[in-house]
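Taking it in order: structure first as structure tokens, then the write-up.
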Amino acid sequence: MAYVLQNTVLPLDRDPDLLPLYVDPETWTSIDEEPVRVSNRARLGNILGRTRARILEGRRVSFGTYFNAFPASYWQHWTTVRQVTLTVHTNGPATILVYRSTGGGVSQRIDTREVTGTASTSFELTLNQYSDGGWIWFDVAADEHSATFEGAQWTTEQEPVRSGKASIGITTYNKPEYCVETLATLADSADVLDVVDRIFVIDQGDQRVDARAEFPGLAERLGDTLQIVTQPNLGGSGGFARAMSETLARPESDFVQLLDDDVRIEPESVRRSVVFGRYAATPTIVGAHMFDLLDRPKLHAWAEVVDEAPFMWRTLYQERMPHDFAVANLRQSPTLHMRLDADYNGWWMCLIPTEIIREIGLALPAFIKWDDAEYSLRARDAGYPTVSVPGVALWHVSWVGKDDSIDWQAYFHARNRIVAGLLHSRAPGGGTLLRHSRRVDLKHLMMMQYYPVALRHRALRDILSGPAHMRANLATAMPEAREVAKSFPETVVHTDAGVPLRSRRGRQVFRRHKRHQFDSPTGLRLRWFTASTILSHWLHAPKPENLAQPEVEFGKDDAYWWRVPLFDSALVSAANGSGKNIYTRDRAKFRRMLVDSVRLHRELGRRWPHLSQQYRAADAELTSPAAWNRTFEQS
């Protein structure tokens, strides 16, 4: 029996921005070191269906693309599959060329076949040379006459290690329009539903998914597969914990596939992730990559890691992200041919085996932020890897145009990072985590951003109170953090028409700061700047006229922590472009919060070993299904 590992698919949407992720033009070149398409051989008009495409005479189309190349390295490293069959279906005269790449991105041809008429051409491939990286793909070329590509599959005769289905858990808060679109896509994808047991929509908002006009029709199409679960807003961790809990009650489910609400899915990716999970040599968390929903060829997250010393997350090769497939295709991007090993995967899309959940528990009651990273680190400590699989991805609203480090989420950024460090850091005292946390406080204080510092200090006090606070304030921490904002005028976003830019006489009383790209202080200059700025903000009161109206204006991308502190007040564009925030210096707040920052971080450092023992001892209870079920019942 042949088991399908991967189908070759074409885009569901007639969107030219998506084409580079599925099919590639024949020829690329370089102009001034920038890759440029000479001619786009893959056009929307030649896409005939989900698995069919027209190959025009004299032209060649490559399927060596993100969604259609086969990630051989990941299959060789994480599964026991060694023999794979590629079968390509065509109609008309054509040449099929099969290639592989090395971990360094070097392309090598494996085989070539000429075909005529209606043909199904198979290539037997061995996965034994891909330890460090590499893909396999094929091109189809037409000569004197056009040909039709009719689909392709990557299969194996080897039976999977696991055969159970997956339950999908979608956590949503007032984004029903996204959810119904996801449900519609799943309803249209019979091959995906073949590997799905249940679809749980965990609705935590007051704009209900089942109140949408489209819902009755979707519910009828999906039948018993779809289940709506309503509960108060317990954050992403509460929603995903509920999906995990519901899945544990399903004997037919060997996995839970977690999905964010504000996404658009590639349904084949859902199927691939389940299949990869079935074949993984050991139970494995299977993660997905993230493309930008508003700039769809751009890949933002490939393999996510947590650096030990500062205990901070980042993307591997962060300086090369986002990667724009409209500018450089897969074959031109050597970094993407390496096998990149992850520490965790974001819960925008992540498959977790129920075997792991039964051993290590559900999500940490963190509300949002770090729950996904903490879970994979917990799994790692229990011997279970996380693999972010190429070709498994979705589109998610990216963090471009956001700055959640200065809004109510600052509380969760600070608290959950430190709690995760207490639970999993292998460095004495958390390494440089607390030093970095103090620096974050200091940067906010120098930039006159007092609200996030107030929330960060609230987080530190809660951490010092012990692990019980995490479940106790699960439903209240977010509204309380938003309530605190009312005491900080800088949180108000002013529209352009409402910002006090000019005096009554029309004389300009502010100046727009000129951009400088290379003025970041380093070395001794950085130390002098920091010390002198702290001293100035501590000793000198701001001038009254600068508090009455902004002294200077900054664009968001220009408002760095070493520029804004030079002024008593500043007008700074909001990250999403909706208006502007007015930051004004408050000497009393600066003094009080600086002292609190030093005191709280010192106390955390002194008590770190004891707190780490406390949180680790409480972890099993915090994440247990029984404790979460009590929370669900009480709420």
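Read the figures in this text as sums done on the coordinates, not as results from a lab. Quantities reported herein were computed from a predicted structural model and do not represent experimental measurements. Methodologically, a virtual Cβ is constructed for each residue, glycine included, from the backbone with ideal geometry; neighbour enumeration extends over all protein chains shown.
The table for this structure:
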{"item": "Diffusion constant of segment 525-635 at 25 °C, which comes from Stokes-Einstein with the Kirkwood Cα-pair radius and 0.890 mPa s, µm²/s", "result": "136"}
{"item": "Normalised contact order of the chain, rounded percent, pairs of Cα under 8 Å and 6 or more residues apart", "result": "12"}
{"item": "Rounded D (µm²/s) - segment 135-246, Kirkwood Rh over Cα pairs, Stokes-Einstein at 10 °C, 1.306 mPa s", "result": "95"}
{"item": "FRET efficiency for ARG525 and ASP132, using Cβ-Cβ distance with R0 set to 45 Å, rounded to 0.05", "result": "0.60"}
{"item": "Net length gained if the chain between ALA588 and TYR3 were fully extended (0.36 nm per residue, minus Cα distance)", "result": "203.8 nm"}
{"item": "Greater than 23 Å apart at Cα, pairs in LYS298/LYS443; LYS175/LYS443; LYS443/LYS580", "result": "LYS298/LYS443; LYS175/LYS443"}
{"item": "Where N is the number of residues in segment 3-156, Cα Rg divided by 2.2 N^0.38 Å", "result": "1.03"}
{"item": "Two-site label geometry, GLU355 and GLU319: point separation in nm, points 7 Å out along Cα→Cβ", "result": "4.0"}
{"item": "Neighbour-count order for HIS537, HIS396, fewest beta carbons within 10 angstrom listed first", "result": "HIS537, HIS396"}
{"item": "The chain: equivalent-ellipsoid semi-axes (sqrt of 5 x gyration tensor eigenvalues, Cα, Å)", "result": "46, 31, 23"}
{"item": "Distance in nm between pseudo-label sites at SER635 and GLU177 (7 Å out along the Cβ direction from Cα)", "result": "2.6"}
{"item": "In degrees, nearest ten, helix 587-622 long axis to first principal axis of the chain (Cα)", "result": "50"}
{"item": "Gap separating the Cα centres of segment 105-129 and segment 575-616, nearest whole Å", "result": "59"}
{"item": "Kirkwood hydrodynamic radius of segment 154-210, Cα pairs, Å", "result": "13.2"}
{"item": "Cβ-based exposure ranking for SER107, SER245, SER388, SER163, in which fewest neighbours within 10 Å come first", "result": "SER163, SER107, SER245, SER388"}
{"item": "Nearest-0.05 FRET efficiency for THR51 and THR335, computed from C-beta distance (R0 30 Å)", "result": "0.50"}
{"item": "Spherically averaged projected area in nm², based on the convex hull that wraps the Cα atoms of segment 235-359", "result": "9.5"}
{"item": "Segment ASP194-THR118, length gained on full extension (0.36 nm per residue, minus Cα span)", "result": "24.5 nm"}
{"item": "Stretch gain in nm, segment LEU44-ARG439, where the contour uses 0.36 nm per residue and the Cα spacing is subtracted", "result": "137.1 nm"}
{"item": "Volume of the Cα convex hull of segment 398-453, divided per residue and given in Å³", "result": "94"}
{"item": "Cα pair distances exceeding 27 angstrom across segment 410-588, given as percent", "result": "37"}
{"item": "Sequence of ASP24, ASP143, ASP15 once ranked by neighbouring C-beta atoms within 10 Å, starting from the fewest", "result": "ASP15, ASP143, ASP24"}
{"item": "All aspartates and glutamates inside 15 Å of LYS369 as judged from Cα atoms, apart from same-chain residues fewer than 8 positions distant", "result": "ASP260, GLU304, ASP403, ASP404, ASP407"}
{"item": "Sites ARG599 and LYS486, calculated FRET efficiency, Cβ-Cβ separation with R0 22 Å, nearest 0.05", "result": "0.30"}
{"item": "Value of [θ]222 nm, deg cm²/dmol, for the chain, DSSP H segments ≥ 4, -39500 (n - 2.57) each, nearest 500", "result": "-10000 deg cm²/dmol"}
